[in-house]
Amino acid sequence: MRKPIVLATLIVVGLAVAPAWAGIDRVKSGPPPCYYGNCPATGYKAQVRRGLPYTLVFTGSLLQGADRVVTGGNGITGRVLMKNFTEVTIFLELAPSAPLGGRAITIQAGNQVLGAFALEIGHLGRVDSITPTTIPTGRQTVVRVLGKDIQGGVLNTSLLANLNARVARRAADEVQLELNPAATYTGSGVTIQLFERHSDGAKTLWQKAPRLAIQATLATGGEGCQPYPATDPYLKPKLSVPGNGYLFAPLGSTQTIRQINFSWRPLASSRTADKFILEYHPRGSGTQWTRVDVPASRTYQSVNLGKGVWEWRVRIGNCGQASPYSDTWSFTIQ
């Protein structure tokens with residue numbers, strides 16, 4: 001009566017333990033960087049995101065005994081889906097709460113390890129929406145990116161030239177960005193991208209949010225337009241050249257005009273403007289001021305003027321309104 005029992009025991013053990021020469025040697029498919037590749041199983045690292053399922057296929061020899069995927073638990077489960085002599089397919093599922101970082105995974109036949117690889121677990125990084133999708137130039141705007149498990153996101157600033165973008169706040173399901181496109185920004189739009197950088201320098205690019213439309217020109221009183229109070233002391237420009245009371249050398253015998261290079265100090269860093277407004281006229285009552293609109297990116301303007309005593313001043317234009325004038329300076333062309 002004992003022989004059948006011994007035989008049954010031998011059969012069970014035979015199924016549970018693979019031959020010593022059985023094992024996995026290649027990754028047939030899996031998450032990047034070996035998706036549909038042919039990477040060695042030894043040292044293979046699968047970059048995965050928590051909250052998602054994954055299927056990986058390995059090839060090797062005598063794999064029909066594979067029956068266990070050992071993950072260490074803690075939000076990660078795995079099982080063998082299919083197997084034959086040369087191939088085994090496993091299924092991994094990562095809970096939303098799975099810990100970030102590295103995790104060793106083994107595929108076994110009973111207690112014999114057929115192959116091992118590593119997981120590097122990152123945030124889910126699902127981007128759902130972005131608001132607002134239109135932002136004005138010349139002022140700082142907070143852009144809200146909403147999604148799932150996105151607090152580990154890094155902003156792809158290479159796509160955001162001249163927008164002065166930074167991550168201002170992080171939460172599990174919301175990342176707030178601060179964008180401050182210069183008033184002279186001429187682009188029509190940009191794509192916001194969040195990605196997660198892995199320990200080996202590789203990136204997992206998350207779902208792309210919609211493109212932002214950038215208003216290249218502020219409409220008077222339009223969205224995001226921010227008039228300045230007339231009493232703001234930082235808005236009174238300070239003049240530089242030509243100095244007040246400056247006397248230019250006499251013109252040559254054949255000269256009737258001189259090129260005057262006006263300049264003034266830049267706007268305070270906490271303020272923005274659509275433009276500077278340069279005004280000048282000959283000293284004397286009843287003469288009108290000549291006006292020149294200068295882009296906000298410049299603090300200088302050249303003008304050709306004839307002999308006389310000239311007065312000049314500068315103010316700032318924004319949202320169809322203007323700041324107080326600078327002090328009025330004068331100079332003389334002989």
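Calculated FRET efficiency, Lys203 to Asp128, Cβ-Cβ distance, R0 = 30 Å: about 0.90 to the nearest 0.05. Take every Cα pair under 8 Å whose residues are at least 6 apart in sequence, average their separation, divide by the length of segment 2-122, and the relative contact order is 28 percent.
Mean projected area of the convex hull spanned by the Cα atoms of segment 233-333, taken over all viewing directions: 6.8 nm². Largest first and in whole Å, the equivalent-ellipsoid semi-axes of segment 28-129 read 24, 15, 11, each the square root of five times a Cα gyration tensor eigenvalue. Rounded to the nearest whole Hz, the Karplus-based 3J(HN,Hα) values (6.51 cos²θ - 1.76 cosθ + 1.60, θ = phi - 60°) of segment 137-144 follow the sequence 7, x, 7, 7, 10, 8, 10, 9, with x at glycine and proline.
The phi-based Karplus calculation (6.51 cos²θ - 1.76 cosθ + 1.60; θ = phi - 60°) puts the 3J(HN,Hα) values of segment 67-78 at 9, 9, 10, 9, 10, x, x, 6, x, 10, 10, x Hz, whole numbers, x for Gly and Pro.
For segment 46-61, 3J(HN,Hα) computed residue by residue from phi via the Karplus equation (6.51, -1.76, 1.60; θ = phi - 60°) reads 8, 8, 10, 10, 5, x, 10, x, 9, 10, 10, 10, 10, 10, x, 10 Hz, glycine and proline entered as x.
Residues whose amide H lies under 5 Å from that of Asp274, counting only those 5 or more places away or on a different chain, are Gly317, Asn318, Cys319; hydrogens are built 1.01 Å from N in the peptide plane. Among the listed pairs Lys28/Lys148; Lys238/Lys307; Lys45/Lys83; Lys238/Lys275, a Cα-Cα separation exceeding 27 Å is found for Lys28/Lys148. The Stokes-Einstein estimate for segment 78-163, based on a Kirkwood radius over Cα pairs and taken at 37 °C with 0.692 mPa s viscosity, is a diffusion coefficient of 191 µm²/s. With a Förster radius of 30 Å applied to the C-beta separation of Ala118 and Val167, the computed FRET efficiency comes to 0.55.
Can you tell me, using C-alpha contacts under 8 Å and at least 6 residues apart, the relative contact order of segment 233-333 as a whole percent? Reported as a whole number, the value is 38 percent.
Each label was represented as a point 7 Å from its Cα along the Cα-to-Cβ direction; for Val154 and Arg79 these points are 3.7 nm apart. Measure out, as a whole number of angstrom, how far apart the alpha-carbon centroids of segment 29-90 and segment 286-334 sit. Result: 73 Å between the Cα centres.
Taking amide H as placed 1.01 Å from N in the peptide plane, Arg49 has its amide H under 5 Å from the amide H of Gly122, each at least 5 places away in sequence or on another chain. A cut-off of 5 Å between modelled amide H atoms, ignoring neighbours fewer than 5 places along the same chain, links Leu251 with Gln334.
Just so you know, all these numbers are worked out from the coordinates, no wet-lab data involved. Keep in mind the model is a prediction, meaning the values are calculated, not measured. Ideal geometry is used to build each Cβ from the backbone, glycine not excepted, and the neighbour counts take in all protein chains shown.
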